[in-house]
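Below is one structure, written out as structure tokens, with a few remarks after it.
Computed from the coordinates by the stated procedures, all read-outs in this text should not be read as laboratory data. Every value quoted in this text rests on a predicted model; they were computed, and no experiment measured them. Don't worry about glycine lacking a Cβ; one is built from the backbone with ideal geometry, like all the others, and counts go over all protein chains shown.
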Amino acid sequence: MALSVTGRTAADSRVDSTLTEDPELVRHVKRPQWGLAILAWERDEKRGYQFEDGRLRVFSSAYANLMEPAEPKNRPEDAVIADLQAALGTPGEDREPLQADATFEQQVALFESLYPEGFQGEAWAREMRAPKSGGRALKRHRDPSIAVAQSVFDAGEVAAHLAEGRHSSWVDSVLDVLAETTLVSRSRVKALREMGEDERRTFAEAVADLVHGEDRFAARFKTWVRVLREGLDGKASWRLATSLPALVDPESHICVRHSAFIRQAAVIAPTSAYSRRPTARAYRNFRRVAEVVRTRLEAAGHEPRDLMDVHDFIWTTMRASSVQHL
């Protein structure tokens, strides 16, 4: 089988638009860990496929039978296709690949040494998801935080607060959600509590639109990040920008901790575009990394409940102390 996995050249990056007007999602039957893919181009008895792990791989047309139709498990089909089309990038675009500090197999081995029963075991549940029966919920417990966030962001409740002009009180509720989780630093929440009334109104409208708006998520995210920067003197962080979508919809969104996630990206999709500060394009790529991690974990016999489990897996195995251990 003719296969290229070493990155894209200017020639490989050319997209035949006639093949991508109505693309079909496919998966490599022997390499499901690569994620879903779309056909990018076909020429000279070869086909180029863009995969969710960020790689554009080239196959001989004789091996086209290894690509079979597939459906996404946790995201809408059109959203996956849009991300894959965006990942094709600009013709001729090339960047130095990130260098991985560990392999995914090493990550899984570390995870299994810490949590032998995996995501469904008692140790993981007690440490990450929920307190013991009758116990007190801690900030690290994800299930109580998700439940509270989904209650605060109930569409009807949000609409009522904004329609009645109760922007400030609802902002306090939103900040209370952030204050009761380890996803965001206390200093960021404290700084946001000092916003004036006009800033609170803008903040409330932006975060409501982020979660319940009808425009494309990338546009809503861009507006949200701009509002955060204005409210924090340009100091919007990845964790703050992505924590609320992750809590409200942990099946589709993930909280990004840049230091660990950039190491994970080096393992999964080292040639995609990332940034130190939150941007819509980089978030799309980090989400794609998270989805591939979920797929690979499932292939390894560990099924995350949602992307919050994926977040905690990445942080557990890719934070600085873990990498040193590996």
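Taking trypsin sites (Lys or Arg not before Pro) across the range 98-171, the ones in a DSSP loop with at most 14 further Cβ atoms lying within 10 angstrom of their Cβ are LYS132, ARG136, LYS139, ARG140, ARG166.
Compactness ratio for the range 142-247: Cα radius of gyration over 2.2 N^0.38 Å (N = residue count) comes to 0.97.
Site-free segments of the chain were taken between GluC sites (Glu not before Pro) in DSSP loops having at most 10 other Cβ atoms within 10 Å, sites themselves excluded; the longest one is 46-163.
Can you work out the FRET efficiency for the pair ALA147 and ASP198, with r the C-beta to C-beta distance and R0 = 35 Å, to the nearest 0.05? It comes out at approximately 0.65. In the chain, the inverse of the mean reciprocal separation of distinct Cα atoms equals 21.0 Å; this is its Kirkwood hydrodynamic radius.
Ordered by the count of other Cβ atoms within 10 Å of each Cβ, fewest first, THR103, THR271 give THR103, THR271. Under 5 Å from the amide H of ALA102 lies no amide H of any residue 5 or more positions distant or on a separate chain, with H modelled from the backbone and absent for Pro and chain starts. Cross-link pairs exceeding 22 Å between alpha carbons, from the set LYS190/LYS235; LYS139/LYS190; LYS46/LYS73: LYS46/LYS73. Under the simplified labelling scheme, the ARG277-HIS325 pair shows an inter-label distance of 3.5 nm, with each label point 7 Å from Cα along Cα→Cβ.
Listed from fewest to most Cβ neighbours within 10 Å, the set PHE261, PHE119 follows the order PHE119, PHE261. Per-residue Cβ neighbour counts within 10 Å put ASP53, ASP172 in the sequence ASP172, ASP53, beginning with the fewest.
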